Amino acid sequence: MKAVTLTLAILAAVSFTHSQFPPEIKSKLEVILEDQDRRMVGDGKLTSLFDDLSPIVRERVTEAFGSIQDTTVIGQLVDRFTFDADDRVRYAAAFAIGQTAGQMSQPGRQKLSHEIIWVRLERMTAGGSGADSSSDRMIEEIGKFGTHQALNDLVLKYGNIYPPVHQQALVMGLARFAIRGISTSEGTQYLIKLIKPYDQADWRIVYALQRIGEREEIRSELENVALLYQHADPLVRMNLATLLGKVKDERICLPPLARLAEFDADWRVQVNALRALANYDLRDHPDIVDMFRRLFLSGNPYLALTALSSFGNLHLPDRSSAPEIENAFAQLERIAINQGNGYLWQLQGEAMLAMAKLEGPAAVGRISVADKSQRGLQGQLLQALGYSGSKNALGPLLAYAGGNDVFLACAALEGLGVLGHAIGKDSASIRQISEAALHSLQSQDVARVATAASLLGDSLFLKSSSLPALVRALDESRVPDDVEAIQALCETLGKLGDSRAIGPLRHQLGQKDRSVVSAASNALNAITGKSYAEEIPAYFEPLYKDFDYDYLHGLRDSLCGRGVSDTICARIETSRGTINIEMYKNVAPFTVMSIVKLATRRGFYRGLTFHRIVPNFVVQGGDPRGDGWGGPGYSIRSEFSLLHYDTGMLGIASSGKDTEGSQFFITQSPQPHLDGRYTIFGKVVSGMDVVNALQLDDHMYDLKILP
């Protein structure tokens, strides 16, 4: 309950609109917001507030550094974590340290984590606050930046204490280490010990284990770990399914995975189990192949889509090798051809992709793009042509890549990239594909240029002769509308390693967008072997600012039925039903204000689609283009917060820090790896059944702010 209580306190404590705050407090909080948005540190105004008498001010300024991420204040943050009298301030300091310290050198991170683990946390324990929430948060946050040695230190210090102290925090810390590819024998053994008794294991433990994946310590306990398939918590079962897919032990893992895939009561568990099964060689398991066939026809489209996409990755032998395999291929073909349009177009597209992957060139004759009216389906079919690996696919793909429809041109370019690797020895075809990409660089469309630049950065197509066209496209791209294209162009120029690109890339160092300057700096480093960090400004004035405090203060508070103040209630009306949400103006004020203004002043979200659906991950919408490349015409800053990505959280999509716009996503299950990387601005209050029914290209009738 401590975590829940603290979360509610976080939502309620930081607002600068509460009438009980005196004017001087409100003024300071506005200064914090502005300087956080501007990423201003050098003038000392923010750091001077570390010692403010108001804990609200100290908490807010400390949390602000979790978005600013300036390593020069690490020492002050560590002191704030250690000595501040308010637990919420110490909690915010732990978060800000975790967000920032990853930018330090390896020796610096090692020194910092050692100081925190063996000195600062020890000092807090000696002061009687060792079990407080801020210590828990710090232990978890160390997983974002600590070294192997830090992981071992944490397990050594807290892993063998009885009764356990900081157990959940240590588990999530180990998970965050694993997300970064760091795991140890001692840490893994600690987690395995915690899953016993198996019916009482917490989902976070299994999440940490599945992020670790394949290790001998897990394999040696696999028979016991697999018993978790009977656990009552679906979050345990879904993470177990992912783990069993990584371990790949047929004897132990296949029976529970097959059971979870077909019979689990939670569709999210089934989705994870199907994806896990795709990691196995199922040619000697026709019964499991037949299960896939049955799930092609599931009444839950997410299950059917996942069954089809996973089936395409099975690398099965000849379809006639077993009756069950023959039947599965026959059903796949019926859905892919979709005679009479009896199947959803989304299923048809996924089936055709699977068929192309499995049958190769034999599938190309059944892929017809021109006679389809649904552009989403056409895009999938173009990608299927690429996966067929047939030279006969080259002509249609080149035609669409050169066409006027940007969405289909990008899909064709992606298909050409895949096709190129299948026919890589055909130099004439590779030349034609490269020429198509070079032609697309002239389009001045962000999606088309970015897709073409990425293709030309593929090792198969990477040629110095592309440099003039890449440089020209870079010259013609503009911030903020073309940020993703600039990033892709810089990356490809870096891969080319041609000194002629140094001048154009150095010019990009003068841009007023940090993500662009960082991409150019990385490319220059790849070419010259030199660091350009000193040429990156410490401060970037935002291209778009909206410090409309009268409007922000005027946004009406509502309890949204949950008793949490400083929330704005809204309703997303979709073609599948209504989703009621709450938005946290005290957590992400400028993000919430941007969304509210877009919705109320411009009717921006009216009629847009959900353009990205990843089952048991996110549904995403808010793009006026409908292809994932659009926005409102401006970028806003990231507003990272103390909140976690649990089920139903609302986040803002981005192409890097401080590149957020209008696109938002809703999580369908907890996604800890998104924490601190994407702005959280709210949560679904009711209507998760609608969220979980949304399909690709379903419409959003409107996003309405409720009175």
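Couple of notes before you dig in:
- Total residues in region 357-386 satisfying the condition of being outside any loop (DSSP other than H, G, I, E, B) and under 26 Å from Arg625 (Cα atoms): the figure is 12.
- Qualifying residues in region 367-403 (those that are among the polar types (S, T, N, Q) and farther than 16 Å from Ala428 by Cα) - the one surrounded by the fewest Cβ atoms within 10 Å (Cβ to Cβ): Ser373
- Condition met for Pro632 (farther than 28 Å from Lys144 by Cβ, in contact with a Gly (Cβ under 6 Å, 6 or more places away or on another chain) and of a type outside the set (Asp, Glu)): yes
- Listed by position, the helices (runs of 4 or more DSSP H) enclosed by region 147-251 that each have at least 3 residues that are assigned by TED's automatic domain parsing to the domain that holds Glu122 and free of Cβ contacts under 8 Å to residues at least 60 places away in the same chain are 148-158.
- Taking every residue in region 252-265 that is charged (D, E, K, R) and pairing it with any residue that is surrounded by fewer than 19 Cβ atoms within 10 Å (Cβ to Cβ) and part of a loop (DSSP other than H, G, I, E, B), at least 6 positions away or on another chain, yields no pair with a Cβ-Cβ distance below 9 Å.
- Flag for Ile139 being β-branched (Val, Ile, Thr) and buried (at least 23 other Cβ atoms within 10 Å of the Cβ): yes
- From the options Ile579, Ile568, Ile572, Ile486, residue that is in a strand (DSSP E or B), of a type in the set (Val, Ile, Thr) and touching a helix residue (DSSP H, G or I) at 6+ places or on another chain (Cβ under 6 Å): Ile579
- As for region 489-510, it holds at least one residue that is under 30 Å from Leu33 (Cα atoms) and part of a loop (DSSP other than H, G, I, E, B).
- Filtering region 41-81 to residues that are under 21 Å from Asn586 (Cβ atoms), within 28 Å of the chain's Cα centre (by Cα) and part of a loop (DSSP other than H, G, I, E, B) leaves only Gln69.
- Criterion: without any contact (Cβ under 8 Å) to a residue 40 or more places away in the chain and under 22 Å from Asp132 (Cα atoms) - qualifying residue of Thr47, Thr62: Thr62
The values are calculated or read from the model by the stated rules, or taken from the named source; none is laboratory data. Worth saying up front: this structure is predicted, and the values here are computed from it rather than measured. With ideal geometry, Cβ positions are generated from the backbone for all residues, glycine too; neighbour counts draw on all protein chains shown.
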